[in-house]
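Take a look at the structure set out below.
The values are calculated or read from the model by the stated rules, or taken from the named source; none is laboratory data. As the structure is a prediction and not an experimental result, all values here were calculated from the model. Because the Cβ atoms are built from the backbone with ideal geometry, glycine has one as well, and the counts that use them run over all protein chains shown.
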Amino acid sequence: MHNHHNFAWREEVAGSPAWVVRKGCTPAFAGQRGFVGGSMGDDAGILAGVESATSKALLHSTVHGAGTVMGRREAMRRFSREEMQRWLRERGVHLRGGDLDESPMAYRRLDAVLEHHAGSAEVLHRLRPFGVVMAGAEVVEPYKD
């Protein structure tokens, strides 16, 4: 399965060779499987690309994740650790580590994103998280985006 995003591949587009740059999306040729994640508290999905006018217009690409509704710094300011833990607990997800910049409340709901992009891929399976392990706030990640 593929979940590559932010890369370029040499492909044929409209009968001619071209560089296709997928920034924030993943390839989804008809039948090609891929993985798409939500927040740490949402379902993820295994998708397959579909053949459609939409897919062709998108150069056989689809989403790579739910995406955020705010930046990391805003999430750190807006939410408390208690709010995040309550949100996850209500969904039966246990969190070890992590920080508010990855708070699930800062993300779009994956179902809405997938519905909006239904013309590019179909959902084959849903994966429900029950545990998330991430580096804690005290861990410095120099390459964190």
### Query
Is there any pair linking a residue in the stretch 112-140 that is at pLDDT 90 or above to one that is surrounded by fewer than 15 Cβ atoms within 10 Å (Cβ to Cβ) and small (Gly, Ala, Ser), with Cβ under 6 Å and at least six apart or on different chains, and which?
none
### Query
Of all residues in the stretch 67-100, which are touching a Ser or Thr at 6+ places or on another chain (Cβ under 6 Å) and buried (at least 20 other Cβ atoms within 10 Å of the Cβ)?
Ala75, Met84
### Task
Select from the stretch 22-49 the residues that are part of a strand (DSSP E or B) and more than 24 Å from Tyr107 (Cβ to Cβ) and list them in ascending order.
Ala30
#### Entry: Residues located in the stretch 101-139, provided they are surrounded by 15 or more Cβ atoms within 10 Å (Cβ to Cβ) and under 14 Å from Thr68 (Cβ atoms)
Asp101, Glu102, Ser103, Pro104, Met105, Ala106, Tyr107, Arg108, Arg109, Leu110, Val113
### Query
Only one residue in Ser39, Ser61, Ser16 is out of contact with any Gly (no Cβ under 8 Å at 6 or more places or on another chain), at pLDDT 90 or above, exposed (fewer than 11 other Cβ atoms within 10 Å of the Cβ) and not acidic (Asp, Glu), so which one is that?
Ser16
### Summary
How many residues of the stretch 89-109 are more than 16 Å from Arg73 (Cβ to Cβ) and among the hydroxyl-bearing types (Ser, Thr, Tyr)? The answer is 0
### Message
I'd like to check something: does the stretch 70-81 contain any residue that is in contact with a strand residue (DSSP E or B) (Cβ under 6 Å, 6 or more places away or on another chain) and hydroxyl-bearing (Ser, Thr, Tyr)?
### Response
no
### Task
Identify all residues within the stretch 19-36 that are within 22 Å of Ala112 (Cα to Cα), surrounded by fewer than 16 Cβ atoms within 10 Å (Cβ to Cβ) and aliphatic (A, V, I, L, M); write none if there are none.
Ala30
